[in-house]
Amino acid sequence: GLLALLGMALWSFARRWRWPDALPGNWTLGNWARYGGEAWEPGMTTLLVGVAAAVIALALVLACLEAEDRSGRRPGVRALWLIYAPLIVPQVAFLFGAQVLLLSVGLEGTWGALIWAHLLFVLPYMFLSLSDPYRKLDPRYARSALCLGVGPARVFWRVKLPMLARAVLIALAVGFAVSVGEYLPTIFAGGGRLTTLTTEAVARAGGGDRRLIGVFAVLQAVLPLAGFLVASALPGWLFRHRRGMREGL
């Protein structure tokens, strides 16, 4: 996979690459100048939908885990099946029904429908990423804060979230990466009116222009990579003046 991505990156900067040369004979930025405009709109759609789906999923997951912590009750088997069903059932098996539902309410091809379709797959992955770190957080920190007279809401915002900063950011990066890679949900919910880098890359792949495919493939890979880089670097910067927090992260 890495070699294939490297090959696409080379093609995106290649002017001429003849067989059997190991590298392009001529290099150029013209491919990015020529095709960058075509990638701008689907790129912005990919970014906005991915961020929106990941943020909504994060709010839902944190609410579920905090409610679980306060009540002392974990979700049962039925609830877990409901959460993980989109990852187990083949997408084609239920996305057509989802499209019929969107058509019946007149939401197909809207931003809300596209975000909802991505959320179906982003939410389970983020729950998987965040549930274990949240449950393994030492409860003595929260108890100490409660003994000092702090309310549960403030404990959540001022104690739990800072200590789980890296786990939360990684879960956001995972959710964003999942959204970037979604193809069928975008096709069904977008109705051909909203396209992302993934749908455009697949569509361009049939044209045989490796330079154009390379541009879209590189952009499709750069967005999730940027998300993971931010998730890795941001906690250390936020807590740069707190050595104990940096060591814990």
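The values are calculated or read from the model by the stated rules, or taken from the named source; none is laboratory data. Values in this document were obtained by computation on a predicted structure and should not be read as measured data. All Cβ positions, even for glycine, are placed from backbone atoms using ideal geometry, and neighbour counts span all protein chains on display. Note: areas computed on protein heavy atoms with side chains; ligands, DNA, RNA excluded. Shrake-Rupley method; radii C 1.70, N 1.55, O 1.52, S 1.80 Å.
Once both labels are modelled 7 Å past Cα along the beta-carbon direction, what's the Leu161-Leu234 spacing in nm?
Result for the modelled spin labels: 1.2 nm.
Name the residue farthest towards the positive end of the dipole of the chain from the options Ala142, Trp81, Gln220, assuming +1 on Cβ of Lys and Arg, -1 on Cβ of Asp and Glu, about the Cα centre.
Ala142
Take the Cβ-Cβ distance between Ala9 and Ala226 as r, set R0 to 22 Å, and report the resulting FRET efficiency rounded to the nearest 0.05.
On the way: r = 15 Å, r/R0 = 0.69.
Given R0 = 22 Å and the Cβ-Cβ separation, E is 0.90.
Exactly which trypsin sites (Lys or Arg not before Pro) in segment 1-67 are in a DSSP loop and have at most 15 other Cβ atoms within 10 Å?
The qualifying sites are Arg18.
Using 0.36 nm per residue, how much length does the chain from Trp27 to Asp138 gain when fully extended, once their Cα-Cα distance is taken away?
34.5 nm
With a ≥ b ≥ c the root eigenvalues of the C-alpha gyration tensor of segment 67-185, is it rounded (a/c under 1.5), prolate (a/b larger than b/c) or oblate?
prolate
Would you work out what percent of the accessible area of segment 85-132, with all protein chains in place, is carbon or sulfur (probe 1.4 Å)?
Carbon plus sulfur share of accessible area: 73 percent.
State the answer as a single residue: which of Gly206, Leu103, Gly25 lies farthest towards the positive end of the charge dipole of the chain, with beta carbon charges of +1 for Lys and Arg and -1 for Asp and Glu, about the Cα centre.
It is Gly25, whose Cα lies furthest towards the positive end.
Given a 10 angstrom Cα cut-off, can you work out which residue in Ser232, Ser104, Ser129 is the most mobile in a GNM of the chain?
Among Ser232, Ser104, Ser129, the largest GNM mean-square fluctuation belongs to Ser104.
Mind ranking 37-45, 191-199, 133-141 by how tightly packed they are, going by the mean number of other C-beta atoms within 10 angstrom, highest first?
Top to bottom by mean Cβ count within 10 Å: 191-199, 37-45, 133-141.
Can you compute the modelled spin-label distance between Leu87 and Ala153, with each label point 7 Å from Cα toward Cβ, in nm?
According to this spin-label approximation, the distance is 3.2 nm.
Please arrange Phe96, Phe216, Phe228 by accessible surface area, largest first, computed with a 1.4 Å probe and ligands excluded.
Phe96, Phe228, Phe216
Ranking request for peptides 142-149, 219-226: highest mean number of other beta-carbon atoms within 10 Å first, then the rest in descending order.
Working: 142-149: 12.2, 219-226: 17.0.
Ranked by mean Cβ neighbours within 10 Å, highest first: 219-226, 142-149.
Here are some values of Cα extents along the principal axes in Å: [x] 104, 36, 28; [y] 59, 42, 30; [z] 71, 51, 27. Which one was computed from this structure?
After the calculation, the listed value that fits is [z].
Could you rank the peptides 64-72, 169-177 by their average count of other C-beta atoms within 10 Å per residue, with the highest value first?
Highest to lowest by the protection proxy: 169-177, 64-72.
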